[in-house]
Amino acid sequence: MQEGFRYRMRERPPYVLPTLAILTISLILTYIVYSSQNGNTWLETGYPTKKTEGWRIRVCKIHQEIFIRDPYLPPKPLHAILNIDATKEPFKSFEHSSHAGQRNHKAVRQIIAEALHQQLLLISRRRNLEQKDDAGKEMGENYEDWVSLMERVAAVLLDDDPRNNYQRHFVPALTGGVWDFMSSEASLLETKLEQLKKLCA
């Protein structure tokens, strides 16, 4: 029996054992990386810590980037980046704009597209007024990041499924506080950030 086993081992192709070793090491490393990331929070990675829908991953990543840019600003709906009030019509009645053919669908998309266009025009004018010095170049780079952020926000809001889910789940949590107007900036920041953490958990 032992002789037969040794024979089979001698007859095994020479690349099998190294391949098995590499595969085992890869699996171990993958587990270590996954375990180390599994404890990270949404604010650290920008991604939800649990399995979730694609639209939620997109909006949570954008919210994390906004928070990193200004960690002292209480979170607001993504609409605010484009200077849009998500609590007003036609955005408020999102059930009437969820897909093409509904009465508010065209109006919602037009408002988003025009808002992005206006924000890009404002940035273009500001950049044209900048002096061509080191400070101006640095600000220009920041503008590029801001433009990228606004374009991704617009892309999410122009996509029917993400927009409607976001309006249903995120907008009430980030705007629904009855006593928000009486809260301090620090208290409002803490409250809204906790809401966002729950939504992106």
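The values are calculated or read from the model by the stated rules, or taken from the named source; none is laboratory data. Fair warning: this is a prediction, and the values are worked out from it, not measured in the lab. Cβ coordinates were reconstructed from backbone atoms using ideal geometry, including for glycine residues, and neighbour counts include every protein chain displayed.
Annotations for the structure displayed:
- Residue count for the stretch 101-130 satisfying the condition of being within 25 Å of the chain's Cα centre (by Cα) and either not assigned by TED's automatic domain parsing to the domain that holds A155 or not in a helix (DSSP H, G or I) (or both): 0.
- Members of the stretch 41-96 found to be of a type in the set (K, R) and either in contact with a strand residue (DSSP E or B) (Cβ under 6 Å, 6 or more places away or on another chain) or in a loop (DSSP other than H, G, I, E, B) (or both), listed by number: K50, K51, K76, K88, K92
- Filter pass, A86 being of a type in the set (A, V, I, L, M), modelled with pLDDT of 95 or more and within 26 Å of K197 (Cβ to Cβ): yes
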